[in-house]
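For reference, the structure is listed below as structure tokens.
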Amino acid sequence: PYLEDDGEIEDVEIEMAINKNFDIYINDIFSGNYQNSSSTLTPSTYNLGPYIGNFNNQDNQIKIKGDNLFIAGGYIKTTYKNL
């Protein structure tokens, strides 16, 4: 998914239920390896805060990569600094 930048990003979290371990890339920059959720019915929260520097001041792309992944819904939450 693409994430449009509406200001200075302070924090980004992804919540989803996913069946296998996976990697995240922000704007094609490796941004961590993450563990699968406990089940495909129970979502886990993944904090991308340590990778804020990989976001830019325009459109951003987040890629979730892995082998034969199954994602059972979720969301991306972005927190912006109050200007």
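The values are calculated or read from the model by the stated rules, or taken from the named source; none is laboratory data. Given the structure is predicted, the values throughout are model-derived calculations rather than measurements. All Cβ positions, glycine included, derive from the backbone under ideal geometry; neighbour counts span all protein chains shown. To get the accessible areas, we keep the full protein, side chains included, count just its heavy atoms, and leave off ligands, DNA and RNA. Shrake-Rupley method; radii C 1.70, N 1.55, O 1.52, S 1.80 Å.
Of note:
- Any hit, region 44-55, residues being more than 21 Å from Y80 (Cα to Cα), open to solvent by less than 70 Å² (accessible area, probe 1.4 Å) and not hydrophobic (A, V, I, L, M, F, W, C): yes
- Number of positions in region 56-79 that are open to solvent by 70 Å² or more (accessible area, probe 1.4 Å) and not β-branched (V, I, T): 9
- Count of region 38-83 residues which are under 20 Å from D11 (Cβ atoms) and without any contact (Cβ under 8 Å) to a residue 60 or more places away in the chain: 21
- Close pairs (6 angstrom Cβ cut-off, 6 or more residues apart or separate chains): basic (K, R) in region 1-24, modelled with pLDDT of 95 or more and outside any strand (DSSP E or B) anywhere: K20/N36; K20/G66; K20/L69
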